[in-house]
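S.K.: Let me begin by handing over the structure; questions about it come next.
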Amino acid sequence: MVSKEGIAGGERVLIVDDMEVNRLVLEEIIQNMGCCPILAESGEMAIEKVNEELPQLILLDISMPGMNGYDLCRILKANEKTREIPIVFISAYDSSKDIVEGFSCGGEDYITKPFIPEEVEVRVCVHLRVYRMSRELTEMNRRLQVSVSEQLKQMEQEKKNILYALADIAAQNSLYGKEFMERLKKNCKTLAQGMQLSPLFEEKISDTYIDTIALAVPLWDIGNIGVPKELLQRKTKLTKEETMTVQSHTEIGAKLLQDLYGSSDYNDFVSMSTEIAHYHHENWDGSGYPEGRKQDEIPLAAQIVSLISRFCSLTEGGNYSREDALELMRSESGIKFNPDIFKICCKISRQLC
């Protein structure tokens, strides 16, 4: 049912008044409007009624024994569950002081006694309509937020798909097979898990960090997309200029990631991917490139990828056994790699694939 005032029928209106005659008068008005009156003769009873079922509007007497209307209003407005329910005070008090206090404690309107049925009906209609519109707006906003969130997630995934596609092309140009990339990803995650158990790194490596590095590792050499294929695949020695061109892949990769996402979408995945792409050729002693960073100036994720990529390259195709590869890398510990991370790598080496 829809009333002539534009409200949907059946709204629950809580009437709180210690005088029975007032409750009966208001009950009849509310019923004639097509709404459902709920009666309470005290503030304490009103709280019980509200807890049983939320009303869409409360008509509240001010002067009641025990808990008065102002006190009940403050209690309801302090509760997140009930604060949005509009409260209309009903009282024989009509001084400006009484009216101001009613508004100051959270009331939306003020009706003086004796009641004029037409006035009560109009005010009730207005506040029910506003309440309904407010709830509808809240629900629309909630749905919009869900929709926007889903769209943002889809956009993020589409960006990742683009990056992984570019990374695959870069890997093919560098003659890295899928098996190599899968080993690199799994072994970086395994090493990060081992580091998480060490007192040296337990505060730096969380479960989220481990999940993120597994997603970020495939983008380590994405900058090779901007390096001529013939240089990446050449078996003979490169000139100084050609070497600089190949080494520029670190900066190309970092810029590609930053440009695709931009500062507004920056997150852990992008941040770590950028660090890995930019700094995985830095050496522990500062002899690497592109910036000559050393020791802890090198992002931790880049240190992990640097060590594991060396291990995977040495053991690729059975060139070196696990033991021989680690023995060779031992001489590079403290020069190319963080010696603490290398020690952990040796301890968990049987878990590496």
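S.K.: Please say if the chain is rounded, prolate or oblate, where rounded means a/c under 1.5 for a ≥ b ≥ c the square roots of the C-alpha gyration tensor eigenvalues, and otherwise the choice is prolate for a/b larger than b/c and oblate otherwise? Let's see the in-between values first.
M.R.: On the way: a/c = 4.43, a/b = 3.36, b/c = 1.32.
It is prolate, given that a/c is not under 1.5 and a/b is the larger ratio.
S.K.: Placing unit charges on C-beta atoms (Lys and Arg positive, Asp and Glu negative, everything else neutral), compute the dipole magnitude of region 230-337 about its Cα centre in debye, rounded to 20.
M.R.: Working: 11 positive and 18 negative charges, 75 e Å.
Dipole of region 230-337, to the nearest 20 debye: 360 debye.
S.K.: Quick one: work out the % antiparallel among DSSP beta bridges in the chain, nearest 5.
M.R.: Values: 1 of 19 bridges.
Bridges in the chain are about 5 percent antiparallel.
S.K.: Return the distance in nm (one decimal) between the two label points of a simple spin-label model at ASN51 and LYS347, each offset 7 Å from Cα along Cα→Cβ.
M.R.: 5.5 nm
S.K.: Run through region 137-208 and list the GluC sites (Glu not before Pro) located in a DSSP loop whose Cβ has at most 12 other Cβ atoms within 10 Å.
M.R.: Details: sites: GLU139, GLU150, GLU156, GLU158, GLU179, GLU182, GLU202, GLU203; in loops: GLU202, GLU203.
Passing sites in region 137-208 are GLU202, GLU203.
S.K.: Continuing with this model, one more query. Roughly how many percent of the accessible protein surface of the chain is carbon and sulfur, given a 1.4 Å probe and a whole-percent answer? It would help to have the intermediate numbers written out before the result.
M.R.: Working: 9620 of 18790 Å².
It is 51 percent, rounded to a whole number.
S.K.: Which pairs, out of LYS153/LYS178; LYS159/LYS189; LYS204/LYS235; LYS81/LYS160; LYS153/LYS294; LYS160/LYS237, put more than 32 Å between their alpha-carbon atoms?
M.R.: On the way: LYS153/LYS178 27 Å; LYS159/LYS189 22 Å; LYS204/LYS235 39 Å; LYS81/LYS160 40 Å; LYS153/LYS294 36 Å; LYS160/LYS237 35 Å.
Beyond 32 Å: LYS204/LYS235; LYS81/LYS160; LYS153/LYS294; LYS160/LYS237.
S.K.: Find which of PHE269, SER321, LEU191 sits farthest along the positive direction of the dipole of the chain, computed with +1 on the beta-carbon of Lys and Arg, -1 on that of Asp and Glu, about the Cα centre.
M.R.: Positive-end residue among those listed: SER321.
S.K.: LEU144 to GLU316: FRET efficiency via 1/(1 + (r/R0)^6), r the Cβ-Cβ distance, R0 41 Å, to the nearest 0.05?
M.R.: 0.20
S.K.: With every protein chain left in place and a probe of 1.4 Å, what is the accessible surface of TYR320, to the nearest 10 Å²?
M.R.: Its heavy atoms expose roughly 100 Å² to the probe.
S.K.: First check a/c for region 201-353, with a ≥ b ≥ c the square roots of the eigenvalues of its C-alpha gyration tensor; if it is under 1.5, answer rounded, and if not, answer prolate when a/b is larger than b/c or oblate otherwise. Intermediate values should be presented prior to the final figure.
M.R.: Numbers: a/c = 1.65, a/b = 1.08, b/c = 1.52.
It is oblate, given that a/c is not under 1.5 and a/b is not larger than b/c.
S.K.: Report, please, the projected area of region 1-139 averaged over directions, based on the convex hull of its C-alpha atoms, in nm². Don't jump to the answer; show the numbers that get you there.
M.R.: Values: hull surface 31.5 nm².
Mean projected area for region 1-139: 7.9 nm², to one decimal.
S.K.: Then there is this: Leaving out ligands and nucleic acids, note down the accessible area per residue over the chain with a 1.4 angstrom probe, in whole Å².
M.R.: Values: 18790 Å² over 353 residues.
For the chain, the solvent-accessible area averages 53 Å² per residue.
S.K.: Shifting gears a bit: Between the alpha-carbon centers of region 96-137 and region 216-265, tell me the distance in whole angstrom.
M.R.: Cα centres, region 96-137 to region 216-265: 67 Å.
S.K.: In addition: Can you tell which of ALA254, LEU215, ASN283 lies farthest toward the positive end of the dipole of region 210-283, using +1 and -1 charges on the Cβ of basic and acidic side chains (Lys, Arg; Asp, Glu)?
M.R.: Of the candidates, ASN283 comes out farthest on the positive side.
S.K.: When the dipole is taken about the Cα centre of the chain, and only Lys, Arg (+1) and Asp, Glu (-1) are charged at their Cβ, what size is it in debye, to the nearest 20?
M.R.: Numbers: 40 positive and 56 negative charges, 454 e Å.
So the dipole magnitude of the chain works out to roughly 2180 debye.
S.K.: Once amide H atoms are built 1.01 Å from N in the peptide plane, which residues 5 or more positions from ILE90, or in another chain, come under 5 Å H to H?
M.R.: LEU60, ASP61, ILE62, ILE111
S.K.: Give me the one-decimal nm value for the distance between modelled label points at ARG132 and ARG83, 7 Å along each residue's Cα-to-Cβ direction.
M.R.: The modelled label-to-label distance comes out at 2.6 nm.
S.K.: Decide, for region 142-195, between rounded, prolate and oblate: order the square roots of the alpha carbon gyration tensor eigenvalues as a ≥ b ≥ c, take rounded if a/c falls under 1.5, and otherwise choose prolate if a/b is larger than b/c, else oblate.
M.R.: Details: a/c = 5.58, a/b = 1.72, b/c = 3.24.
The shape class here is oblate.
The values are calculated or read from the model by the stated rules, or taken from the named source; none is laboratory data. Since we're looking at a predicted model, the values are computed, not measured. When we count neighbours, we look across all protein chains shown, and the Cβ atoms used for this are built from the backbone with ideal geometry, even at glycine. Keep in mind that these areas ignore ligands, DNA and RNA; they rest on the heavy atoms of the full protein, side chains included. Shrake-Rupley method; radii C 1.70, N 1.55, O 1.52, S 1.80 Å.
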